[in-house]
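See structure below.
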Amino acid sequence: MTSPASDGHYSIELPLSCPLLINGEEGPATGGREFHRENPADTRQVATVAAQGSAEDARAAIDAARRAFAGNAGNWLNNYKLREQTLFQTARLMRENADRLAQVVSLEVGMPMRQAAPHVAAAADIFEFYAGLAGKIYGESFTLPNGSMINLVKEPVGVVGLITPWNFPLTQTARKVAPALAAGCTIVLKPASYTPAAAYELVKLIQQTGLPAGVLNLVPGPGTVVGAELIGSKAVDKLSFTGETGTGKMIAAQAATEVKRISLELGGKAPYLIFDDADVEGAARAAVFGMFRNAGQACGATTRLLLQEGIHDRVLERVAQLTRNIEVGHPAAAATDLGPLISASQERVVQEYIQFGLDAGLDLVAGGNKLRGGGFDYGYYVEPTIFDRVDNNSRLGQEEIFGPVVAVTTFKDEAEAVELANAVEFGLVAGVWSADYPRAMRVARRIRAGTVWIWDNYAQPVEGIWGGYKQSGIGRELGYYGLEDFLEVKQIFTDGTGLTSKPPYGQVIKE
Ligand code: NAD
């Protein structure tokens, strides 16, 4: 059974803040407008008071980024050593301030501290990785038979607009900001309105490294105002967005009118396939980790557990046991495994999906309730919930829930497993567990997703990649691919013949 909420306490002073940062200057929004972020674990408390940026503020930030790029502020574009040092020092400062950062994330997201601490470490790793790449952006050259030379040089794409989600605020921001800085871009960052302080705390540390003014600008505020300005502005060369597939489609349509470069990291409906020959304990633990990390509010969360008929009962029994042992509580408490959901509206959505499962008469294996009483009454707490015998074509099998609700479906054989895994509009991640490695590899190759884990779940090394097939997105973050996302390739052609009249010129010029 889930335990009652234990008391939680953060040592940081509240409320947190998030001003604008434009051209190196912190300040309020135009007209002094602000918005409040409540603590999702205790809605009586204001977690953050943030400046509410306007369209005018967004334009000022874009101008600052444009000027910094055009003027090569502080030799930013050429001096990769400066960019390398900025990124290394950011990683160091993040580690020095790890406890504070973890508390800020835990507070705004409702993420248990046990998950917030490794989240900070993962974000610092991303800065370190791209620090190492900042001075290794090599081009290519090729000499033609006539001695002419092709030089392919890689250049920063320019001013980039970065729009981020709330669920893993530091890593999501790091995956964009770190490679953009490594490449030599200048930035306007619009953080999610649920997590403005997490973004500001990170930006503040980056600023401390001595970044030239205008290279990194921060404008919190509504997506429809600040985000829209970034999408529509001709002065923004590229937009990198992480969020819902619906928002991503709208952004892609608008960006197309300017042929703006875009990268989209969107929703998921990840399957985890467990075959009859699997190690029950290993597979069950991997699945539960993916199901309920950050209360299932994860684009790569395991939301569909696909079990082969012969192992269904044994895996499900163990998964249910592990799920019942999950401690739901205040995210600041050291023992908490699962905290509150992000908001009242997300709690409503999750409860609607649970009601759908109950109305459909599905087997409720675990959970199913909103938690009440004591500290639970002030936060958005829902039990980790599992339904068995779910039709993959139903809403529970098809739609991204973004909460702790998992659909279990059985399959007969390998062909059906692959068919079910692929029978959704998303293609972000998937998992496979089979003792038969050639089969696991075969299945992994046939699943249309950006990442497939074999014998693991939700591993995201910075050296790898992250990104989706199908409606889960366009482009890849992390690794070298994540850097390329912020680079243009230019060809410089140099004649090597020394001839004043070259054979093709004869097509136009008669001797
Ligand atoms: P969201 O789409 O509501 O918001 C994301 C960001 O876009 C926020 O900063 C928001 O203010 C902004 N925004 C909203 N409407 C906008 C508009 N009309 N124009 C411009 N900007 C706008 O998503 P969310 O609720 O913050 O995040 C959850 C979603 O993100 C889930 O669907 C999840 O799967 C997805 N996600 C994907 C990945 C990935 O790597 N693929 C990672 C994390 C989250």
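The values are calculated or read from the model by the stated rules, or taken from the named source; none is laboratory data. Please read these numbers as outputs of a predicted model, since none were measured by experiment. So basically every Cβ, Gly included, is an ideal-geometry build from the backbone, and we count neighbours across all protein chains shown. For the accessible areas, the whole protein counts, side chains as well, though only heavy atoms, and no ligand, DNA or RNA atoms are used. Shrake-Rupley method; radii C 1.70, N 1.55, O 1.52, S 1.80 Å.
If you check 102, 73, 116, which single one turns out to be crowded, with 18+ Cβ neighbours inside 10 Å, among the aliphatic types (A, V, I, L, M) and under 30 Å from residue 30 (Cβ atoms)?
After ruling out the rest, the residue left standing is 73.
Scan region 254-270 for residues that are away from the ligand (no atom under 11 Å from the Cβ) and either of a type in the set (Asp, Glu) or in a helix (DSSP H, G or I) (or both) and the total you get is 2. Exactly one residue out of 350, 406 is touching a Pro at 6+ places or on another chain (Cβ under 9 Å) and without any contact (Cβ under 8 Å) to a residue 60 or more places away in the chain: that is 350. Here residue 273 fits the description: more than 20 Å from the chain's Cα centre (by Cα), assigned to a strand (DSSP E or B) and among the aliphatic types (A, V, I, L, M). Apart from one condition, residue 415 fits all of (1) assigned to a helix (DSSP H, G or I); (2) touching a residue at least 12 places away in the same chain (Cβ under 8 Å); (3) surrounded by fewer than 15 Cβ atoms within 10 Å (Cβ to Cβ); the exception is (2). Checking each residue in region 418-438 for being hydroxyl-bearing (Ser, Thr, Tyr) and open to solvent by 10 Å² or more (accessible area, probe 1.4 Å) picks out only 437. Does at least one position in region 471-478 carry a residue that is touching a Ser or Thr at 6+ places or on another chain (Cβ under 6 Å), crowded, with 16+ Cβ neighbours inside 10 Å and not aliphatic (A, V, I, L, M)? Looking for residues that are touching a Ser or Thr at 6+ places or on another chain (Cβ under 6 Å), crowded, with 16+ Cβ neighbours inside 10 Å and not aliphatic (A, V, I, L, M), one finds at least one in region 471-478, hence yes. A single entry from 476, 439 fulfils the requirement of being within 16 Å of the ligand (Cβ to nearest atom) and of a type in the set (D, E, K, R): 476.
Checked against (1) touching a strand residue (DSSP E or B) at 6+ places or on another chain (Cβ under 8 Å); (2) within 14 Å of the ligand (Cβ to nearest atom); (3) open to solvent by less than 10 Å² (accessible area, probe 1.4 Å), residue 170 passes all but condition (1).
Counting only strands (runs of 3 or more DSSP E) wholly contained in region 18-67, the ones carrying 1 or more residues that are buried (at least 16 other Cβ atoms within 10 Å of the Cβ) and among the basic types (Lys, Arg) occupy 34-39. Out of 134, 124, 117, report the one residue that is within 15 Å of the chain's Cα centre (by Cα) and away from the ligand (no atom under 16 Å from the Cβ). Only one candidate qualifies: 124.
Return the residues of region 361-396 that are open to solvent by 60 Å² or more (accessible area, probe 1.4 Å) and without any contact (Cβ under 8 Å) to a residue 40 or more places away in the chain; say none if nothing qualifies. Across region 361-396, the qualifying residues are 363, 364, 369, 372, 377, 389, 391, 393. Taken over region 398-412, residues that are surrounded by 19 or more Cβ atoms within 10 Å (Cβ to Cβ) and touching a Lys or Arg at 6+ places or on another chain (Cβ under 9 Å) amount to 7. Looking only at residues of region 316-331 that are surrounded by fewer than 23 Cβ atoms within 10 Å (Cβ to Cβ) and in contact with a helix residue (DSSP H, G or I) (Cβ under 7 Å, 6 or more places away or on another chain), we find that the one that is nearest to residue 276 (Cα to Cα) is 318.
Pairs are defined by a Cβ separation below 7 Å, a sequence spacing of at least 6 or placement on different chains, a first member in region 238-262 that is open to solvent by less than 40 Å² (accessible area, probe 1.4 Å), and a second member that is of a type in the set (Ser, Thr, Tyr) and near the ligand (Cβ under 7 Å from one of its atoms); the pairs so defined are 242/164. Looking only at residues in region 232-250 that are among the hydroxyl-bearing types (Ser, Thr, Tyr) and near the ligand (Cβ under 10 Å from one of its atoms), the one that is farthest from the chain's Cα centre (by Cα) is 247. Residue count for region 362-393, restricted to those that are closer than 22 Å to residue 268 by Cα and in contact with a Phe, Trp or Tyr (Cβ under 8 Å, 6 or more places away or on another chain): 1.
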